[in-house]
Structures are given as structure tokens and as C-alpha cells.
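See below for the structure under consideration.
The values are calculated or read from the model by the stated rules, or taken from the named source; none is laboratory data. Being a predicted model, the structure only gives us computed values, none of them experimental. Here Cβ is always computed from backbone atoms with ideal geometry, including for glycine, and neighbour counts include all displayed protein chains.
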Amino acid sequence: MYMLDRAIKFLILVFLVFQLSISSSYAYIDPGTGSFIIQTIIALAATVVFYLGYPIRIIKSFFNKIFNTKKKSNTDK
């Protein structure tokens, strides 16, 4: 618990140092860079959905088998 409190205090200190040392950058994001960032975010989301879709279907089918067998056994009685 002591280590957790110490880590949280350290993170708060680092956050405050970064917040107090912020300066203006006078920069902009041009349309090409903005569209690249949006495309990257969409590609990342699609990758996550694609790769997590199959395990989620397996987990759903597992739980459906468990709960459907219980329902069938109750209706048989």
C-alpha cells in the first residue's frame, strides 16, 4: 500500500511539473496530417474489433451453451 501511495504522489508531481512548464508551440495540424491521424485511429479500432471479435464469439457461445442447457433441463421436468 505504501508503494502505491508513493507512486501516485510521484505521478501527481510529474503531472504538475508538466502542466506548469507548458509553453505555446505556435504550430498547426494541416489537413493531410489530420486525415492521417484519423485514418490511423480508425485502422486501430478496426484491428481491435477484428482480433477481439473471434474470442468474444467463443466466450458468448460458451456461456450460451451453459445457460441454454439449464433452461432446457427446466422445461423437460
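Residues that are surrounded by 10 or more Cβ atoms within 10 Å (Cβ to Cβ) and either hydrophobic (A, V, I, L, M, F, W, C) or modelled with pLDDT of 90 or more (or both) within region 42-57 comprise Ile42, Ala43, Leu44, Ala45, Ala46, Thr47, Val48, Val49, Leu52, Ile56, listed in sequence order. The number of residues in region 1-40 that are surrounded by 10 or more Cβ atoms within 10 Å (Cβ to Cβ), of a type in the set (Gly, Ala, Ser) and modelled with pLDDT under 90 comes to 2. In region 1-30, the residues that are free of Cβ contacts under 8 Å to residues at least 60 places away in the same chain reach residues that are surrounded by 10 or more Cβ atoms within 10 Å (Cβ to Cβ) and of a type outside the set (Ser, Thr, Tyr) with C-beta atoms within less than 8 angstrom, at least six apart or across chains, in these pairs: Ile29/Ile37.
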